[in-house]
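Colleague: Below are the structure tokens for one structure; questions will follow.
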Amino acid sequence: MGDNREMTKETPSGLFDVLKAPVRAETQEMRVLKFRAQPRWVPLSVLIVIGLAALAPYLLSYELTGWSFIAVVAAYVVAVLVFLLIPLLRFLTRTTLITTKRIIVRYGIITRHRHEIALAHISEMHLRRSFSQRIYKSGDIAVHTVTGTTAILRDVPGCVVVADALQELLSWQIASGANVRQNLAQNR
């Protein structure tokens, strides 16, 4: 799984609490990680809005009257909405929660969506990191289920640590499932 010091530095202690208390986690669902996507779009959006703000006095130095003034102001408002506010709302409304039994992704600005993937149904995971994602230490985690569907967790911050935590949870769940089956077989 890697260096435990790295795991404690970037990951909440939830995973370690789960692994220390396996009996409680077998019967109850415990929260392990909760995160939002890495906001890599912020620098570009801020530069565009600052550039538009710097351009505004130049455009307003012309004697714009009537419709031309309204068109310039409307274009600036639309640009701020498109490049700053909508991405900010998307960022604030999308969360991912990893528990001992499932992965829950919630998103949506107007219509809220909730997708759940049971850890027992995960067959494999892939980690993909583009150049810009490596700069921000984020990445995409593709989770493949036994039913053939794939869910992609996009721009996961600290993706290597999160992928290791998911692998640890999967292996822990397989081991605890074997213990439960063994206990059921002994009680028959």
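Every read-out reported here was derived from the displayed coordinates using simple, explicitly stated rules and does not represent laboratory data. Computed from a prediction, not measured in an experiment: that's the story for all the values here. As a convention, Cβ positions derive from the backbone with ideal geometry for all residues, glycine included, and neighbour counts pool all protein chains shown.
Colleague: Output ³J(HN,Hα) for the stretch 30-45: one whole-Hz value per residue in order, computed from phi by the Karplus curve 6.51 cos²θ - 1.76 cosθ + 1.60 with θ = phi - 60°, and x for Gly and Pro.
Modeller: 10, 6, 10, 9, 9, 8, 10, 5, 5, x, 6, 6, 4, x, 5, 4
Colleague: Determine ³J(HN,Hα), in whole Hz, for all residues of the stretch 81-96 in sequence, where each value follows from phi through the Karplus function 6.51 cos²θ - 1.76 cosθ + 1.60 and θ = phi - 60°; x replaces Gly and Pro.
Modeller: 4, 5, 8, 10, 6, 5, x, 5, 5, 4, 4, 6, 9, 10, 10, 10
Colleague: Can you work out the Karplus-derived ³J(HN,Hα) for every residue in the stretch 125-142? Use 6.51 cos²θ - 1.76 cosθ + 1.60 with θ = phi - 60°, whole Hz, and x for glycine or proline.
Modeller: Values, residue by residue: 9, 10, 10, 10, 10, 7, 4, 5, 5, 5, 4, 8, 6, 10, x, 9, 10, 8 Hz.
Colleague: I've got another one for you. Using a 10 Å cut-off around each Cβ, can you sort 101, 34 from fewest to most neighbouring Cβ atoms?
Modeller: On the way: 101 18, 34 13.
So the ranking, lowest neighbour count to highest, is 34, 101.
Colleague: Going through the stretch 38-130, which GluC sites (Glu not before Pro) have at most 11 other Cβ atoms within 10 Å and a DSSP loop state? Each step should come with its number before you reach the end.
Modeller: Numbers: sites: 63, 116, 124; in loops: 63.
Answer by residue number: 63.
Colleague: Going by average Cβ density within 10 Å per residue, which order do the peptides 87-94, 144-151 take, highest to lowest?
Modeller: Values: 87-94: 14.8, 144-151: 11.4.
For the peptides 87-94, 144-151, the packing ranking is 87-94, 144-151.
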